[in-house]
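The block underneath contains the structure these notes are about, expressed in C-alpha cells.
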Amino acid sequence: MPDARQLRTILIAVSVALMAVIASVSGLNVAQTHMAVEFGASQSTILWIINIYTLALAALLLPLGAIGDRLGRKSMLIAGLGVFGAAHVVAGLAPTTEVMLAARVASGIGAAMIMPITLAVITSTFPEDQRGKAIGVWTGVAGGGGILGMFLSALLVDVADWRWLFALPVALVLVALVMTLKSVPNSREKSAHRFDTVGALFSTVAVAGLIFVLQEGPDRGWTAPATPTSLAVGLIATVGFVAWELRRRDASLLDVRLFRERGLAGGSVTLLVVFGVQAGIGVVLFPFFQAVLGWSGLLSTAALMPMAVMMMIASGLAPRLTARIGARSTMATGIALAGVALALMALFVSVDGGYLSILPGLLAMGLGMGLSMTPSTEAITGSLSREKQGVASALNDVTREFGTALGVALLGALVSAGYRSTIDDRLHGIPQGAADTAREGIANAVAAAGGTGTHAQDLLHAAQQSFVDGWQQAMWAGVAVMGALFLYIVLRGPKNTVPVVRDEAAATEAVAVL
C-alpha cells in the first residue's frame, strides 16, 4: 500500500492528466474565428475540428478502459499521455485542416486511453477510507476543469496566438508523465475470459452514432439524411450491445444486468442530467455575456469561474457529507440546489440586471453540482468489481459525455425556439432585411443592428429581451428535469449506507439510514 505522500503524488498526477483531457474538450471553442480565417475553412469544418475530438473520446472509452484493466493501468496511462501529447504538438503546427482533423482524432484516442484510467488508478490504489476524498478531487477537476481550461485558452488567444492553445495540454501532459513514471503503481487484473471484442465494437458504434446525432443535429438539421441515419445506426448498435452483453453475462465488457442496482443506475442518471444541465447553461450563458452584455470572450469565460470554484469546493466537501448523511441524501441535496439555481436564474435574469441577476444562480449551481457529482461517481465505481474498474470509470465518463452533448442540443434548442417565438412581436418598424436577419439568432441581430441607422437601438433591445425570454423558458425546463431527477433519486437512488469507521466514538455517531 502506498504511503500518504505517494498517494498525494498519485492523485496530483492523475488530476493533471485529467485536466489536460478536459481542457482540450472546450479550449478550441474560443479560437473558431481564428481557425476559419487561417485555414480558409467553413463553419461546418471548424465545428468538425472541435467535435471530432469528443466523438473519438466518447466512442473509445469503454473498450480502452477495459484494455487498460487487462494490460496494466500505468502502462495504458503512459501510452495515452504519449499519444495525446504528440497529437497536440502536431495540431499546434498543422498547416491544413486535413492535418488538424487527423491530429484531433489522435488526440481523442489518447484522451480515451487517459480518462478512464485516471479514475481507475484512484479506485484501485487508494484505501477505502480515503477513496471518497480522492474521488471528490477527481470529480472537482472533471467538473470545473473545462471552465478553467476555457478561461486559460481564451487568455492565450488574447495575449498570444491561437496555436498556443495546444501548448497548455502539452505542458500538463509532461508534468503528468513525469509524476506517473515516478509514483503511479502498475495495477492490472487477470480475467478468466477473453476480451469481449464484439461488445467493444458494438459499444463504439453505438456511442459514436448517438453522439454524432446530438452534435450534428442542431447544425445539419434534425431531418437531414445524416441525422436519422446516424440515429438508426446508434440505436441498432445499442440494442445489439445489450443483447450481446446479456448473452456473454460474466464474460461481458459491461454486465448490463448491473443497471438493476440502485447505485449504478442512480449514479449514471444523475451524472447524465447534471452534466447535461451544466453544458446547456454554458450554451446559454455565452450569448448572454457577449450579445446581451457586450462582453469579450475572455471576460465571458472569467464570469463562469465562480461556478467552477464552487463546484470544486463542493466536490471536496461531498465525501464528508456522504459519510454523515449517506450517498442518496447527499445526491438529493445537490440536485435540489441545482434545481433552485435554475429557478433563481429564470426568475431574476434581466437585460438591465446584467451579471448580478444570475450570479446567485451560478453559485448555487456550482454547489449543487459538486455535491451530486462525487457520490454519483462513487456509486458507479462501487457497483463494479475491482477487475472492472477501468470499465466502471469509462462508463462514468461516457455518461458525462452523453449528458454534455444532450444538454447542449436540448437547452440550446429551447433557447432558440423561445427567442424566435417572441422576437416577431418586437420587430415592428424594423427594416425587413434586418428583421429577417434578427430572427435567425441574437448574434445575427447584433451584427445587423449596425446597418439600421436610427432603428439600431430598438433592434438590439428586441433581440436582447427575446433572448432573455428564451433563457427563462430553458431554465424552467431545466427545473422540471431536476425535479424529476430529485424524485427518482429519493425513491430509487443508492442506499444511504454510511461508511463503517474504525474509531469507536465516531462509530456510535454514524447511523445507516436505509
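Values computed for the structure shown
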read-out: Per-selection metrics, the range 100-223 (Cα): Rg and Dmax in Å; value: 18.4, 55
read-out: Ellipsoid semi-axes in whole angstrom, largest first, where each is sqrt(5λ) of the Cα gyration tensor of the range 18-133; value: 31, 14, 11
read-out: Sequence of Arg426, Arg328, Arg104 when ordered by accessible area, the most exposed leading, probe 1.4 angstrom; value: Arg426, Arg328, Arg104
read-out: Amide H partners (placed H, <5 Å) of Asn496, local residues excluded; value: Arg328
read-out: Rg/Rg_ref, the chain, where Rg_ref = 2.2 N^0.38 Å and atoms are Cα; value: 0.97
read-out: Rounded to the nearest 20 debye, dipole of the chain from Cβ charges on Lys, Arg, Asp, Glu; value: 1600
read-out: Set of aspartates and glutamates near Lys74 by C-alpha distance (under 15 Å), chain-local residues within fewer than 8 positions excluded; value: Glu189, Glu387
read-out: Positive-end residue, the chain charge dipole about Cα centroid, Cβ charges, pick of Ala120, Leu47, Trp476; value: Ala120
read-out: Heavy-atom accessible surface of the range 356-508: percent carbon and sulfur, 1.4 Å; value: 61
read-out: Centre separation in Å (Cα based) which lies between the range 419-490 and the range 265-335; value: 24
read-out: Cα lying deepest toward the dipole's positive end in the range 194-253, options Phe212, Thr229, Ala243, charges on Cβ; value: Ala243
read-out: Stokes-Einstein D (µm²/s) once Rh is taken as the Kirkwood radius of the range 333-400 over alpha-carbon pairs, at 37 °C in 0.692 mPa s; value: 241
read-out: Simple Cβ-charge dipole of the range 336-491, Lys/Arg +1 and Asp/Glu -1, about Cα centre, in debye nearest 20; value: 320
read-out: Dipole of the range 254-344, positive direction: furthest Cα of Phe286, Ile325, Phe259, with charges on the beta-carbon; value: Ile325
read-out: Cross-link partners of Lys495 among lysines (Cα-Cα below 25 Å; sequence separation of 8 or more within a chain); value: Lys133, Lys388
read-out: Karplus (6.51, -1.76, 1.60) ³J(HN,Hα), θ = phi - 60°, over the range 194-208, in Hz, Gly and Pro reported as x; value: 6, 4, 7, 5, 5, x, 5, 5, 4, 5, 5, 5, 5, 5, 4
read-out: Karplus (6.51, -1.76, 1.60) ³J(HN,Hα), θ = phi - 60°, over the range 48-58, in Hz, Gly and Pro reported as x; value: 5, 4, 6, 7, 5, 4, 5, 4, 5, 4, 5
read-out: Solvent-accessible area, 1.4 Å probe, carbon plus sulfur percent, for the range 165-253; value: 69
read-out: Note, ³J(HN,Hα) from phi for the range 462-476, Karplus 6.51, -1.76, 1.60, rounded to Hz, x at Gly and Pro; value: 4, 5, 5, 5, 5, 5, 4, 4, x, 4, 4, 4, 5, 5, 5
read-out: Dipole magnitude of the range 193-303, debye to nearest 20 (Cβ charges: Lys/Arg +1, Asp/Glu -1, about Cα centre); value: 300
read-out: Long-range HN-HN contacts of Trp295 with modeled amide H, under 5 Å; value: Gln290
read-out: Average accessible surface area per residue within the chain, 1.4 Å rolling probe, Å²; value: 41
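The values are calculated or read from the model by the stated rules, or taken from the named source; none is laboratory data. Here the structure is a predicted model, which means the values were calculated and not measured. Here Cβ is always computed from backbone atoms with ideal geometry, including for glycine, and neighbour counts include all displayed protein chains. Protein only, heavy atoms only, side chains kept; ligands, DNA and RNA dropped before computing areas. Shrake-Rupley method; radii C 1.70, N 1.55, O 1.52, S 1.80 Å.
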